[in-house]
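Accompanying notes for the structure given below.
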Amino acid sequence: MSNSRAEQRFLPVLPLLFVGSGCAALIYEIVWFQLVELVIGSSAISLGVLLGTFMGGMCLGSLLLPRFISPREHPLRIYALLELGVGVCGLLVLWGLPVLGDVYASIASPGTFSIVLRAIFCAICLLVPTLLMGATLPAIARWVEATPTGVSWLGYFYGSNIAGAVFGCLVAGFYLLRVYDMSVATYVAVGVNVVVAASGLFLASRSPRPDVAGEATAAPDVPVPGARRVYITIALSGMAALGAEVVWTRLMSLMLGATVYTFSLILAVMLIGLGLGSSAGAYIARIARRPRVALGWCQLLLPVAIGWTAYMIARSLPYWPVNPTLTHSPWIYFQFDLMRCIFALLPATLLWGAAFPLAIAAAASPEQDAGRLVGRVYAANTIGGIVGAVGFSVIAIPVVGTQNSQRLLILLAIVAGLFMLIPELFDRHGKPANEGLPVGLRGLGLGISVVVAALLAVSVRAVPPGLIGYGRFLATYSTLPDFVFTGEGMNSSIAVSEEAGGYRNFHVAGKIEASSEPQDMRLQRMLGHISALVQGDPKSVLVVGFGAGVTAGTFVLYPGIKRIVICELEPLIPKSVGPYFSKENYDILHDPRVQFVYDDARDFIRTTKEKFDIITSDPIHPWVRGAATLYTDEYLTLARQHLNPGGVMTEWVPLYESHADAVKSEIATFMDAFPGGTIWANNEDDHGYDLVALGQPEPSHINVTAIQAKLSEPANAPIVQSLQDVGIGSLLDLFGSYAGNKTDLAPWLANAQINRDRNLRLQYIAGLANNVYENGEIYQQVAALRTFPESLFVASDDWKNALSNYLKLPRAGTP
């Protein structure tokens, strides 16, 4: 490296630039993933395509910059221009993605046949900006030589970049997107890019170009002996690291609750570990005489760290005596979540973080172009990360489960360590190396390490069924029901349990999603029957989410319905859960009118040309990350456009595990898309439990006379029986659940926040209240505002008078 005073003086400042760069990059990543998921869906396949594109672009950037940008160019100037380019791309993605999304929707076909198109769409949106991001580290690497000291600085640059990523992850997840929206978050990231670029250009103007760059140009690109082993080792390390992120995020979210905040905390802790580990690895790279040995042992220590995490997740943390309902302050509970994440995840991430600078040191020689060196190591690590992230989410977890996936992580670490260390036992002529301990002792150490790793792999336990079933509330249960089924699918972990009284529960992602208990059965049947009866004569139905199949099953009873389309993200649910509820769902799996679409419902509705008489959804809690996309104004408007004349849209609105702000947002957003919409209550012991929102493209008029005539027909006796089975003995019981309309609720909804695609406000509001139970108070606030819906029902005066008495609401003009 040049001995220029300016160069030495500015060197400690460069990590600060990488802090800003990493901060902006993580804000973009979070925003772009949300934006693109709105278009291509949030299924595991779509997320795999999205993640592969994002990381693939960074990989290409790290490889292409050293090939196409001469080392004679000033590294800081190139770095600054790259940052400006990322900022410009950030604005283009924000402004241009809606247009591209419309183009995608116009040419895509529903279902799995659009996977290639999704990949093309992701590439158009993300390839250029991620390529520029990936090029920043190789660009700035040319400021130093590929010496131990220079490599150490590269490790600090990388660690600083990760430190910035931690801040970006937290500020985006807990503030920018919670308080503002994706546009504001993008503008903040662009502002950071501009500041970083301006700083880089200023420093470039005050310092000469390092002389080493010119020397590197003349030097031939001769591979360092054994460097290929280093690239393979760091690729295996990246594969394990990203695979672990997939597995442990799935398991930790069961324990903490699958909110956006949980995912931000998990990602932040993993980044903290990588950053701290990178800094430690940078220091070791400076002092280590044999960095390849250090890299190898870094991998062989990983089985202990992975085994620790597996033990903590399966056998310790779920049983910590933590009751989420003891405080209504989410910020207090987040402290426990953060502590548990650090306790479980930090050891392994420290080692994976240390591997990167050690790999650079292990592949370096002083005469190399540092930019090309870093680009190759970074690319190898990223390629491994892509394989790990996609392979574990799409293949490993669904096929062998999280238990064996963690064993596979240990195996990858063993292979990576041995692949790096065994050749170091011998010199280039195959004779025992003279450095360090005798080869026999070193071989014995490797053998003991492998045995220990194997024992740790065997000791990995499966995730407890109770964790899949009850998640963050597991420790509050003194006894658990019998679990008759547990499974881990591509998108979620599921279970079916049976209570002592014979009731069955369907659990997904750490919570009960459906059950055969009376209050849940009433809701699930209401969603189906009220939709079909209000529509009058439905022929086609779209059900979003299968659940236990009860909502979809109600439509089996209507002989006029010819087509039932069910959109379900997780393919494991219908075939594995449906048979346990065959009595409640009327054996819908074997009804010839049913078609399953295993995809995101938004993507299906956006790309299908089909219209339906009914669109409804099986319960999906809005605080679950990603679920808020099915409660946005844009989604509801899109659904309304796919209703036939006279069609009906119904949506579940939970009152439990929620607070008033979240419920207001859900109802106000629904009423914005369906101005004539109404809400209907499913109460438990006269207290609020949940609501059903019902809307039609045109003003609703419920023809009670026609419905009564229809239900009196012998062919429709099963419908009457289905309603009676859940305590709805008459139309008064059904329509007596009326809880209000937009006019009634206007004062209560005055300050409600509309959930839109660009802010997904609901998941941030609801995520702060998933441990809150204010359902009784919320329902009382709603019920206090309702008035008798005189114009809603087409019925005789006698029936309306009976309904008035049932609701205890006077009719207009009556005393």
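When VAL179, VAL194, VAL190 are checked against the criterion of being closer than 19 Å to LEU82 by Cα and open to solvent by 30 Å² or more (accessible area, probe 1.4 Å), a single residue qualifies: VAL194. A count restricted to the range 466-507 and to residues that are under 15 Å from THR402 (Cα atoms), open to solvent by 10 Å² or more (accessible area, probe 1.4 Å) and β-branched (Val, Ile, Thr) stands at 1.
Condition (residue is under 30 Å from TRP623 (Cβ atoms) and either modelled with pLDDT of 85 or more or not in a loop (DSSP other than H, G, I, E, B) (or both)) applied to the range 438-458: is it met by at least one residue? Looking through the range 438-458, none of the residues is under 30 Å from TRP623 (Cβ atoms) and either modelled with pLDDT of 85 or more or not in a loop (DSSP other than H, G, I, E, B) (or both).
Let's see how each residue does on (1) farther than 20 Å from ASN771 by Cα; (2) acidic (Asp, Glu):
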{"residue": "ALA660", "(1), (2)": "no, no"}
{"residue": "ASP672", "(1), (2)": "yes, yes"}
{"residue": "GLY677", "(1), (2)": "yes, no"}
{"residue": "HIS687", "(1), (2)": "no, no"}
{"residue": "GLN696", "(1), (2)": "yes, no"}
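The condition (being crowded, with 19+ Cβ neighbours inside 10 Å and modelled with pLDDT under 90) is satisfied by just one residue among ALA354, ALA363: ALA363.
Say we look at the range 578-588 and pick out the residues that are surrounded by fewer than 22 Cβ atoms within 10 Å (Cβ to Cβ) and more than 29 Å from the chain's Cα centre (by Cα); which of these is farthest from THR486 (Cα to Cα)? Among those that are surrounded by fewer than 22 Cβ atoms within 10 Å (Cβ to Cβ) and more than 29 Å from the chain's Cα centre (by Cα), it is TYR586. Selection of the range 305-329 for residues being of a type outside the set (A, V, I, L, M), open to solvent by less than 70 Å² (accessible area, probe 1.4 Å) and out of contact with any Leu (no Cβ under 8 Å at 6 or more places or on another chain) yields SER316, TRP320, ASN323, PRO324, THR325, THR327, SER329.
Under the condition of being open to solvent by 10 Å² or more (accessible area, probe 1.4 Å) and assigned to a helix (DSSP H, G or I), the residues counted in the range 636-667 number 7.
Scanning the range 236-286 for residues that are surrounded by fewer than 23 Cβ atoms within 10 Å (Cβ to Cβ) and under 20 Å from LEU421 (Cβ atoms) yields ALA280, ILE284.
Checked against the criterion of being surrounded by fewer than 24 Cβ atoms within 10 Å (Cβ to Cβ), modelled with pLDDT of 90 or more and within 24 Å of ALA185 (Cα to Cα), the range 69-79 has no qualifying residue.
Looking at this structure, is ALA717 surrounded by fewer than 18 Cβ atoms within 10 Å (Cβ to Cβ), outside any loop (DSSP other than H, G, I, E, B) and not charged (D, E, K, R)? Taking the combined requirement at face value, the residue satisfies it.
For (1) surrounded by 15 or more Cβ atoms within 10 Å (Cβ to Cβ); (2) among the aliphatic types (A, V, I, L, M), each residue gets a yes or a no:
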residue: LEU760; (1), (2): yes, yes
residue: ALA766; (1), (2): yes, yes
residue: THR787; (1), (2): no, no
residue: GLU790; (1), (2): no, no
residue: PHE793; (1), (2): yes, no
residue: SER796; (1), (2): no, no
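In the set (1) under 29 Å from the mean Cα position of the chain (by Cα); (2) in a loop (DSSP other than H, G, I, E, B); (3) farther than 23 Å from GLN34 by Cβ, the condition left unmet by HIS621 is number (3).
The strands (runs of 3 or more DSSP E) found wholly in the range 502-579 and carrying at least 3 residues that are modelled with pLDDT of 95 or more occupy 504-508, 540-544, 563-567.
So, GLY87, is that one closer than 18 Å to SER21 by Cβ, under 25 Å from the mean Cα position of the chain (by Cα) and crowded, with 18+ Cβ neighbours inside 10 Å or not? Answer is yes for this residue. Does THR629 meet the test of being in a helix (DSSP H, G or I), at pLDDT below 95 and open to solvent by 10 Å² or more (accessible area, probe 1.4 Å)? Yes.
Which one is nearest to the chain's Cα centre (by Cα), of the residues in the range 243-254 that are hydrophobic (A, V, I, L, M, F, W, C) and under 19 Å from ALA348 (Cα atoms)? Selected residue: VAL246.
Total residues in the range 678-688 satisfying the condition of being open to solvent by less than 10 Å² (accessible area, probe 1.4 Å) and either at pLDDT below 95 or among the hydrophobic types (A, V, I, L, M, F, W, C) (or both): the figure is 5.
The values are calculated or read from the model by the stated rules, or taken from the named source; none is laboratory data. Keep in mind the model is a prediction, meaning the values are calculated, not measured. When we count neighbours, we look across all protein chains shown, and the Cβ atoms used for this are built from the backbone with ideal geometry, even at glycine. The protein model used for the area step is the full one, side chains on, heavy atoms only, and it has no ligands, DNA or RNA in it. Shrake-Rupley method; radii C 1.70, N 1.55, O 1.52, S 1.80 Å.
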